[in-house]
Amino acid sequence: MQFALTEEQTVLQQTASAFVDRYCPAALAKTWDETNHFPADLWQRMADLGWFSLPYPLDWGGGGGSPLEICIIAEALAHSSLDVAMAYVGTFIPGLVIYRHGTDEQRERFKPGLLEGAYRIAVAISEPDAGSDAAALRCSAVDAGDRFIVNGQKAWCTGAGLPGALIAAYVRTDPDAPKHRGISLLLIPGDAQGVQIRRTPTLARHLLGTNEVFFDDVEVPRENLVGALHGGFSLLMSGLDMEKTVMAAAYTGVAQSTLDEMLAYSKERRQFDRPIGNFQALAHPMADLQTEIDAARLLAYRAAWMISSQQPCTREASMAKLKGSETYVAAARLGMQVLAGHGFSTESVMSFRWRESIVATISGGTSQIQRNAVAKSMGLITY
Amino acid sequence: MTLNPVETPCETAIDLATFETNARRFLDAHLQPAATSTSVWGVGDDTMSPYAKRTPAQELERIERARAWKQTEFDAGFGWITGPLELGGAALTPDHARLYSEIQNAYDVPPTDIYAISLGMVAPAILQHGKRGVVDRYVEAMHRGDLIGCQLFSEPGAGSDVASLTTKATCDRDDWIISGQKVWTSGAHHADVGLLLARSNTDAPKHRGITAFAIPMSLPGIEVRPLTMMTGGTEFNEVFFDDVRLHDSFRLGPIDGGWGVAISVLMNERALGTGDAFGLGRAVERLRMTTAVQPSNARNPLVRQQLARIVCAAECIRYQALAADGRRTAGLPPGPAESVFKLANTHALRLVAELAGQMLGAAAIADTGEWGTYAWADLILTVPGLRVAGGTDEVMRNILAERVLGLPKEPSSVR
Ligand SMILES: Cc1cc2nc3c(=O)[nH]c(=O)nc-3n(C[C@H](O)[C@H](O)[C@H](O)COP(=O)(O)OP(=O)(O)OC[C@H]3O[C@@H](n4cnc5c(N)ncnc54)[C@H](O)[C@@H]3O)c2cc1C
Ligand SMILES: Cc1cc2nc3c(=O)[nH]c(=O)nc-3n(C[C@H](O)[C@H](O)[C@H](O)COP(=O)(O)OP(=O)(O)OC[C@H]3O[C@@H](n4cnc5c(N)ncnc54)[C@H](O)[C@@H]3O)c2cc1C
């Protein structure tokens, strides 16, 4: 068993950490969040480093990076904030769906934008009445030959309101088929006629923004259908293990950052003539937290390794997402306690961590849904 | 000045039955029944936290409503039921006070949390430790809601270890000159008077060099700067003192004897946690309603079990509060055991907020406009503050361990 990173991976990790220190330290990510600012130049810098092309194969002009390498970047970026990491991950995950399932024409059409991270692809699966049960989505697309006519509403669509957003919308193309079999994936520009985007006020994740998207007789050319007609659900599921794994690594990164921040504070802050970190009441929970974070990281890396070696890993990716996201919430909760009054004031980065952490166990599949997947792998059908 | 309300019952005290009739008549005349706003889904204000984000206009409106209610209540004789007659109290027994608050629960009372510290800590400290002039100046007006008090204890370098505070009080003949900084002072931006702890003797051991004062917040040299809380609310502040001159008549208790005043105040602060001061009862009721309107959650066995656990915990806390009320009625002062209430309440509220967040999914953290859903976000954000304000969980556990369970003190070079 080999736990060490290769020399190349170590360099990548150091580069990514230096990138965060230089361009998006946590305090800056907090300011962006508080001002709903989308730092477009940060994307450009990531693109310049070739990070957006990394997940694509070398023979397609990509960087040929392994899932572990992508995890390393996501983990490092999350030291800034989960939102920053999410912005990176959220760009290539739907891109990979186009790369894997698109036609040759689509691949060529989207190639430059995908490799350069120029597309802000917003994934629209959820609807007001279809969250965990994604296959229950109702947003309809009627086949009109050379185009589809889309009507309906999407909810919680991350990034749909950004300039140049391309909405990857999962829509119902066959209302009569069983629910998993009547779904298709359409690419819809955010500025297409009939698309209305309304920002939803949220506790955090303000960099990309969360939106309601309304489609009113939106005409989508047929060449924007990705994958087979009515075959959208398998596309939706296809990137999920990778997404969960990379996000798990990101959760690990932000949890570690949260711990590092409280640890530094606990060594500096003195009460009763000693650093508060020396009270066992804080030292032991912090020791437990480091243990949890290490466990979460190992789960994420294991899932990444399984994807690389082409082993099925739905169970392992679910475990990693479950553990990573829950650990971030636990870290932020402890951080609030360690920073006490200072933490509760918006001046502290910790207040941002807490706000941001709450959504971790919900978005990208709730903890309950991950547990269902793990339970299923154990022969327990709980739903 | 010692005007102990419990020891000066009114000679013409009315019996509880008559009192109840009068109280109901008064409340019927001024308030709506609570049922319209607290136990019907979708009806009334869905705010879950006193720290919720508000515009300055909303905040002022809220205070004005609270003030108007306090004044009406006080003028009708229900504002300070156990208070002495000479200060506008009704000089009745704690049984009367408890009965009134039970009856009041059935009405839609405007939120009066802005007065919690004022009446729970500051006014009792002034009454117990203040000189006649200061008592006359503040106590009645505070109970009537005309004036608001704040607690000026914590400093940037002195939170849990409040006795290490460094704000200085230097004696200058009949005056004191106050210099330094306080932080996280709830309500300071609305307060008329502060209960201040300052270091009057730098040579004495830290607990013995502190003096307490009632300080008018309008004095020259005092600057209040609001801090934004994680909830977005601006209920707490930094307070700066720049050579503020204060007459000695505002001193509470003996010179260098402020720690004794602080202890009595902190005990009162913990006693504030009895009853439903943390809003646990209300939050649990809202949680029950939230579950009931979502069939999938209402059917989910894990949700049901957790809800049942929370309801049991809340019931235990309610009975403990009643027992504590009983002890108080018997004339026993609040003691270390009161720390249990704060810990138990904040822990239960944390479970409530977590379950609500879990049940509602994205709707608890993103505003869909649906009544009673995003309102939970305020409580989710408030709970970490509750675990800190008025003594952190860890400090509360230390008190329980050392003073209630009699365990040895934590090793420390100074304590
Ligand atoms: C900030 C943010 C960003 C998001 N971004 C996107 C995005 O870009 N694109 C997108 O399509 N969606 C997005 N989502 C939506 C997200 O995927 C959903 O919120 C999530 O899938 C949960 O759905 P829901 O909120 O409707 O909760 P529900 O599905 O209604 O769940 C409510 C509760 O019931 C539980 N539950 C549901 N089913 C089961 C079951 N079978 N067994 C046990 N428990 C169950 C859940 O775990 C949860 O506790 C985002 C959400 C947020 C908050
Ligand atoms: C919402 C809110 C309202 C407030 N309102 C007021 C107010 O009106 N007036 C006022 O004076 N103050 C107020 N405070 C301040 C509050 O009293 C302090 O925040 C609290 O006492 C803790 O102090 P601190 O924040 O400096 O934390 P610290 O004392 O620095 O504590 C940091 C961490 O160390 C732990 N710790 C400290 N000592 C020990 C120990 N001996 N053993 C184990 N662990 C320990 C703490 O539990 C905490 O986890 C308020 C705070 C909040 C959050």
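The values are calculated or read from the model by the stated rules, or taken from the named source; none is laboratory data. Owing to the predicted nature of the structure, the values given are computational and were not obtained by experimental measurement. Counting neighbours? That spans all protein chains shown, and the Cβs are built from the backbone with ideal geometry, glycine included. Just the protein is used for accessible areas: all its heavy atoms, side chains included, with ligands, DNA and RNA removed. Shrake-Rupley method; radii C 1.70, N 1.55, O 1.52, S 1.80 Å.
So the values come out like this:
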item: Full-extension gain in nm, A:ASP59 to A:ALA118, via 0.36 nm per residue minus C-alpha separation; result: 19.2 nm
item: Reciprocal mean inverse distance between Cα atoms of the protein assembly as shown - Kirkwood radius, Å; result: 29.0
item: Whole-percent carbon and sulfur share, accessible surface of region B:20-102, 1.4 Å; result: 53
item: Table column - 3J(HN,Hα) (Hz), region A:199-216, Karplus curve with 6.51, -1.76, 1.60, x for Gly and Pro; result: 6, 9, x, 10, 5, 7, 6, 8, 5, 8, x, 10, 9, 8, 10, 10, 10, 10
item: Accessible area of chain A divided out per residue, in Å², using a probe of 1.4 angstrom; result: 41
item: Choice from A:ARG100, A:ARG22, A:ARG147 showing the highest fluctuation, given a GNM over chain A with Cα pairs closer than 10 Å; result: A:ARG22
item: Heavy-atom accessible area order for A:SER17, A:SER80, largest first, 1.4 Å probe; result: A:SER17, A:SER80
item: Vicinal HN-Hα couplings computed from phi for region B:346-360 (Karplus, 6.51 cos²θ - 1.76 cosθ + 1.60; Hz; Gly/Pro x); result: 5, 5, 5, 5, 4, 5, 4, 4, 5, 5, 4, x, 5, 5, 7
item: Computed P(r) (all Cα pairs; region B:273-404; 10 Å bins; percent); result: 12, 39, 31, 14, 4, 0
item: In the A-B interface, the accessible area buried, summed over both sides, Å² (probe 1.4 Å); result: 3200
item: Point-to-point label distance, B:ARG304-B:ALA401, nm (Cα→Cβ direction, 7 Å offset); result: 4.0
item: Label point distance in nm, B:ARG282-B:ALA116, each placed 7 Å from Cα along Cα→Cβ; result: 1.0
item: Relative contact order, percent, region A:121-230 [alpha-carbon distance under 8 Å, six or more residues apart]; result: 31
item: Relative contact order, percent, region B:277-415 [alpha-carbon distance under 8 Å, six or more residues apart]; result: 25
item: With every protein chain in place, chain A: carbon and sulfur % of accessible area (1.4 Å); result: 54
item: Between 0 and 90°, nearest 10: helix A:67-77 axis offset from chain A longest Cα axis; result: 60
item: Ellipticity estimate at 222 nm from DSSP helix runs (n ≥ 4, -39,500 (n - 2.57)) divided over chain A, nearest 500; result: -17000 deg cm²/dmol
item: Å³ per residue enclosed by the Cα convex hull of chain A; result: 144
item: Nonlocal amide H pairs with A:ASN211, under 5 Å, H built at 1.01 Å; result: A:TRP156, A:CYS157, A:THR158, A:GLY159, A:ALA160, A:THR200
item: Probe 1.4 Å, protein heavy atoms only - accessible area per residue of region B:308-400 in square angstrom; result: 36
item: Set of aspartates and glutamates near B:LYS206 by C-alpha distance (under 16 Å), chain-local residues within fewer than 8 positions excluded; result: A:ASP273, B:GLU155, B:ASP161, B:ASP256
item: Helix B:16-30 vs. chain B, principal-axis angle (Cα, 0 to 90°, nearest 10); result: 80
item: Residues whose placed amide H lies under 5 Å from that of B:GLY194, excluding near-sequence neighbours; result: B:CYS150, B:ILE215, B:MET217
item: Among A:161-173, A:299-311, the order from most to least packed when residues are scored by Cβ within 10 Å on average; result: A:161-173, A:299-311
item: Vicinal HN-Hα couplings computed from phi for region A:105-114 (Karplus, 6.51 cos²θ - 1.76 cosθ + 1.60; Hz; Gly/Pro x); result: 4, 5, 4, 5, 4, 8, 3, x, x, 5
item: Trypsin sites (Lys or Arg not before Pro) within region B:151-258, DSSP loop, no more than 15 other Cβ atoms inside 10 Å; result: B:ARG173
item: Rough spin-label spacing in nm, given labels placed 7 Å along Cα→Cβ, for A:THR35 and A:GLN2; result: 4.6
item: Protein accessible area in region B:188-270, 1.4 Å probe - carbon and sulfur %; result: 50
item: Cross-link pairs beyond the 28 Å C-alpha cut-off, checked among A:LYS267/B:LYS409; A:LYS321/B:LYS53; B:LYS131/B:LYS342; B:LYS53/B:LYS168; A:LYS30/B:LYS342; result: A:LYS321/B:LYS53; B:LYS131/B:LYS342; B:LYS53/B:LYS168; A:LYS30/B:LYS342
